[in-house]
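A.B. asks: A single structure is presented below for examination.
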Amino acid sequence: MTNDRRVNPDSNADPITGAPGAHPVGVGLGAVAGGVAAGAAAGTMAAGPIGTAVGAAVGAVVGGLGGKAVAESVNPTAEENYWRDNYQQESYYRSGTTFDDYAPAYRLGWDASSRYGDRSFEDVESVMEHDYTTLRGQSRLEWEDAKHATRAAWDRIRR
């Protein structure tokens, strides 16, 4: 295997193994959303503050693996290509914005749709708003505008 993304930049190569299909957003959010909380809770019951720290670390690893498995059910390259080709036709599109402004919201939407299973968008919107502030990078969109793109990507995966 090679870790050189120049061979196939659309393969989403894992940065460590070079295997195609890496989903760093899914892994990262899986670790944060599920693993740390569960591990910390288990550690608190087992051994107090030290158990909490150890449990959180173990939970992050387990949660990251769970997030990776869920994220791999979505092809991020295909989703990104779809939205790159179609974002300007969406009702929420604002003249003067670029795909790069919407991209973090789309990524969050398709990842969260898979990650949260049967939960509704409204049930997890506040979590996604928090995640967006962390993941938005250079996007010029505030959450009130970005959430429409997040919802569109969420709904596309759910269909």
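The values are calculated or read from the model by the stated rules, or taken from the named source; none is laboratory data. Small disclaimer: the values here were computed from a predicted structure and weren't measured. So basically every Cβ, Gly included, is an ideal-geometry build from the backbone, and we count neighbours across all protein chains shown.
A.B. asks: Which pairs have Cβ atoms under 6 Å, sit 6 or more apart or on different chains, and link a residue in the range 132-148 that is closer than 17 Å to Glu122 by Cα and modelled with pLDDT of 95 or more to one that is hydroxyl-bearing (Ser, Thr, Tyr) and in a loop (DSSP other than H, G, I, E, B)?
C.D. replies: Hits for this filter: His148/Tyr92.
A.B. asks: Taking interchain pairs and intrachain pairs at least six residues apart, which have beta carbon atoms under 8 angstrom, with the first residue in the range 97-114 and outside the structural domain of Gln138 (by TED's automatic domain parsing) and the second of a type outside the set (S, T, N, Q)?
C.D. replies: Close Cβ pairs (under 8 Å, with a partner that is of a type outside the set (S, T, N, Q)) do not exist here.
A.B. asks: Of the residues in the range 123-151, how many are surrounded by fewer than 17 Cβ atoms within 10 Å (Cβ to Cβ), within 15 Å of the chain's Cα centre (by Cα) and in a loop (DSSP other than H, G, I, E, B)?
C.D. replies: Residues in the range 123-151 being surrounded by fewer than 17 Cβ atoms within 10 Å (Cβ to Cβ), within 15 Å of the chain's Cα centre (by Cα) and in a loop (DSSP other than H, G, I, E, B): 1 in total.
A.B. asks: So Ser120 clears everything in (1) exposed (fewer than 13 other Cβ atoms within 10 Å of the Cβ); (2) modelled with pLDDT under 95 except one condition, right? Which one?
C.D. replies: (2)
A quick yes/no check of all residues on (1) modelled with pLDDT under 95; (2) out of contact with any helix residue (DSSP H, G or I) (no Cβ under 7 Å at 6 or more places or on another chain); (3) exposed (fewer than 15 other Cβ atoms within 10 Å of the Cβ):
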| position | (1), (2), (3) |
| --- | --- |
| Glu79 | no, no, no |
| Trp83 | no, no, no |
| Tyr87 | no, no, no |
| Glu90 | no, no, yes |
| Ser95 | no, yes, yes |
| Asp101 | no, yes, no |
| Pro104 | no, no, no |
| Arg107 | no, no, no |
| Trp110 | no, no, no |
